[in-house]
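Asks: Below you'll find the structure I mean.
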Amino acid sequence: MTSETEEKSKKTATHPTETWVYFALIICAAITYYGIPTPLQPPHGEEPSIHHVFYYGWLTAVSTGIGAIPLAFAPNLASYWVGISNAIAAGMMVAASYSLVHEGCTFEDPKDTSEVSALVRTGIGAAIGLVFINVTEKVLADYEDLTIGGLGGADAKRALLIFFVMTLHSFSEGVGIGVSFGGSHGSELGVFISASLAVHNIPEGLAMAVTLMPRGTSLLTAMVWAVLTSIPQPLMAVPAYEFVHHFIPVLPAGLGFAGGAMAWVAVFELLKEAIEDSGLLTAGVVSSISLSGMWVLQGVIDGESRS
């Protein structure tokens, strides 16, 4: 009995935080503080700078680490509350997806020389985004038995899959941030999309932490790994913004791609998991309130930007 108890305590004991984790946290804090653009929000009617695009992408990445903080107070967080956070994120992601698709369908710009309507281009982009996410998930399903070094078993497999899926999604989300800053309403839409993605990243960070910490990973280490899954967001936002900025006709398709990808993640991942963890009624009510709240937030952002 004693040996079994000692073995269990070894498995659940928290490993010391390694030096590289502290170094990574210092870098994150430095970029977040010293990288603030002036003004913080791009002025209405002016093209956002690359500095703005990168910084908002960076904020969405850093917000992923916030998801691990609740486990400092509740290490054994009930799945019900994980479902609630997923429902909130799902509602915000649906609102973000709608905003992207609507912006693409109503896109007008003097530099747009394409003979194909913005509606058709947005539809094509959305379809490609849906297919891309769907195919990505099917490909990942073929690698469920992978292990990382000595981290075998179900916990290690789940950690690997979540890390891989979150990192892959971050590429498309980074593109979404970049393309949302393009066009005539980029200064408002980009801030709105970045804010919704930042909130969406919090439960993703929580999911990563819930996977890592029961295996003995420290809170700070879990936070850093969560942020790392979202690093592609600022890295992809800048080239995506530059691409649509110089090739305006592609912008509606880019907005549609990001909107389609976000819609799939919101409905078939976040909302589905929320229903499983918290129940259909609770998930439906929470996600609807979240959706309405994001629409109100978008109106406030637009109003302040135009004042």
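Asks: Within the stretch 84-104, does at least one residue satisfy the condition of being more than 20 Å from Ser230 (Cα to Cα) and in contact with a Lys or Arg (Cβ under 9 Å, 6 or more places away or on another chain)?
Replies: Within the stretch 84-104 (the criterion being more than 20 Å from Ser230 (Cα to Cα) and in contact with a Lys or Arg (Cβ under 9 Å, 6 or more places away or on another chain)), the answer is yes, since at least one residue qualifies.
Asks: Among the numbered criteria (1) more than 28 Å from Ile69 (Cβ to Cβ); (2) modelled with pLDDT under 85, which single criterion is violated by Glu242?
Replies: (2)
Asks: Same structure, new question: Residue check, Val116 against (1) part of a helix (DSSP H, G or I); (2) open to solvent by 50 Å² or more (accessible area, probe 1.4 Å); (3) over 25 Å from Ile289 (Cα atoms), all met but one. Which one?
Replies: If we test Val116 against (1) part of a helix (DSSP H, G or I); (2) open to solvent by 50 Å² or more (accessible area, probe 1.4 Å); (3) over 25 Å from Ile289 (Cα atoms), just (1) comes out false.
Asks: Right, here's the next one. Can you go through Glu108, Glu144 and tell me which one is surrounded by fewer than 14 Cβ atoms within 10 Å (Cβ to Cβ) and at pLDDT 75 or above?
Replies: After ruling out the rest, the residue left standing is Glu108.
Asks: His51 fails exactly one of the following numbered conditions: (1) within 17 Å of Gly35 (Cβ to Cβ); (2) touching a helix residue (DSSP H, G or I) at 6+ places or on another chain (Cβ under 8 Å); (3) not small (Gly, Ala, Ser). What is the number of that condition?
Replies: If we test His51 against (1) within 17 Å of Gly35 (Cβ to Cβ); (2) touching a helix residue (DSSP H, G or I) at 6+ places or on another chain (Cβ under 8 Å); (3) not small (Gly, Ala, Ser), just (2) comes out false.
Asks: Among the residues of the stretch 40-68, which ones are part of a loop (DSSP other than H, G, I, E, B) and open to solvent by 70 Å² or more (accessible area, probe 1.4 Å)?
Replies: Scanning the stretch 40-68 gives Leu40, His44, Glu46, Glu47.
Asks: I've got another one for you. Scan Gly190, Gly182 and give me the residue that is at negative phi, of a type in the set (Gly, Ala, Ser), touching a Pro at 6+ places or on another chain (Cβ under 8 Å) and touching a residue at least 60 places away in the same chain (Cβ under 8 Å).
Replies: Gly190
The values are calculated or read from the model by the stated rules, or taken from the named source; none is laboratory data. As the structure is a prediction and not an experimental result, all values here were calculated from the model. Note: ideal-geometry Cβ built from the backbone for every residue, glycine included; neighbour counts use all protein chains shown. Accessible surface is based on the protein model in full, side chains and every heavy atom, while ligands, DNA and RNA are left aside. Shrake-Rupley method; radii C 1.70, N 1.55, O 1.52, S 1.80 Å.
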